[in-house]
Amino acid sequence: MLGKKTMMFVDGQNLFHGAKQFDEDMNIDLVSLAEKLTDGKDLIRSYYFDSFVPEKRDDKEGFYTFLETNGYRVIAEPLRERDEGYVEKGADIGLATELIAQGFGGSYEVAVVVTGDDDFSKAIRYVQDQGKTVEVASFDANLSSGLERTADSITFLGDITDSIRR
């Protein structure tokens, strides 16, 4: 994969929850994560998809600014309030849409998708059918079996925590 045009797509909520499930004190260094997962490739862009409680977006602005000044494009969607509380709407579909649009547009040869969520399997298959390679990175306990079968390769984040821990 040396030198191949690569884009990284991070499902922020899935990564955060997977890290906490792996180790309650785990914090991910997203700059190191991008470097580790795209080592030897030509990283075109990294995307970070997130959601936030509408009245608390300001709480995440510093984090988003940090990501944007370190090579990430941040796409953050407000959580929606329902009877059962807040639910995520928009971040996952945003990741799937960007993955497909950039793939069909020829922006990358390799997509690195950081998630364990099987909901992305269909979008991944679409870009694979266009000749793209899709690498998935996830914590083992958070990785769905469907996504594991779909990906061209898997990086278990628990195996590289020394390189990505903040």
What number of residues within region 11-32 are β-branched (Val, Ile, Thr) and touching a helix residue (DSSP H, G or I) at 6+ places or on another chain (Cβ under 7 Å)? 1
Please tell me if GLU77 is among the charged types (D, E, K, R), more than 24 Å from LYS132 (Cβ to Cβ), part of a strand (DSSP E or B) and in contact with a Ser or Thr (Cβ under 7 Å, 6 or more places away or on another chain). yes
Please tell me if LYS41 is under 15 Å from GLU135 (Cα atoms), surrounded by fewer than 17 Cβ atoms within 10 Å (Cβ to Cβ), basic (Lys, Arg) and in contact (Cβ under 8 Å) with a residue 40 or more places away in the chain. no
Can you find, within region 117-139, the residue that is farthest from GLY103 (Cα to Cα) among those that are in a helix (DSSP H, G or I) and more than 15 Å from the chain's Cα centre (by Cα)? LYS122
Go through region 10-53 and report how many residues are among the hydroxyl-bearing types (Ser, Thr, Tyr), over 22 Å from ALA141 (Cβ atoms) and outside any strand (DSSP E or B). 1
Would a scan of region 96-109 turn up a residue that is in a strand (DSSP E or B), farther than 27 Å from PHE52 by Cα, in contact (Cβ under 8 Å) with a residue 60 or more places away in the chain and out of contact with any helix residue (DSSP H, G or I) (no Cβ under 9 Å at 6 or more places or on another chain)? no
Does THR69 fit the bill of being more than 19 Å from ASP11 (Cβ to Cβ), among the polar types (S, T, N, Q) and out of contact with any Ser or Thr (no Cβ under 7 Å at 6 or more places or on another chain)? yes
Within region 50-65, is there a residue that is surrounded by 17 or more Cβ atoms within 10 Å (Cβ to Cβ), in contact (Cβ under 8 Å) with a residue 60 or more places away in the chain and charged (D, E, K, R)? no
Where TYR72 falls short, out of the listed (1) in contact with a helix residue (DSSP H, G or I) (Cβ under 8 Å, 6 or more places away or on another chain); (2) closer than 16 Å to SER138 by Cβ; (3) crowded, with 17+ Cβ neighbours inside 10 Å; (4) not charged (D, E, K, R): (2)
Among the residues of region 129-150, the number that are surrounded by 14 or more Cβ atoms within 10 Å (Cβ to Cβ), closer than 25 Å to GLY40 by Cα and in contact with a helix residue (DSSP H, G or I) (Cβ under 8 Å, 6 or more places away or on another chain) is 10
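Since every read-out is calculated from the coordinates, none of them should be taken as a lab result. Since we're looking at a predicted model, the values are computed, not measured. Cβ atoms come from the backbone with ideal geometry, glycine included; neighbour counts cover every protein chain shown.
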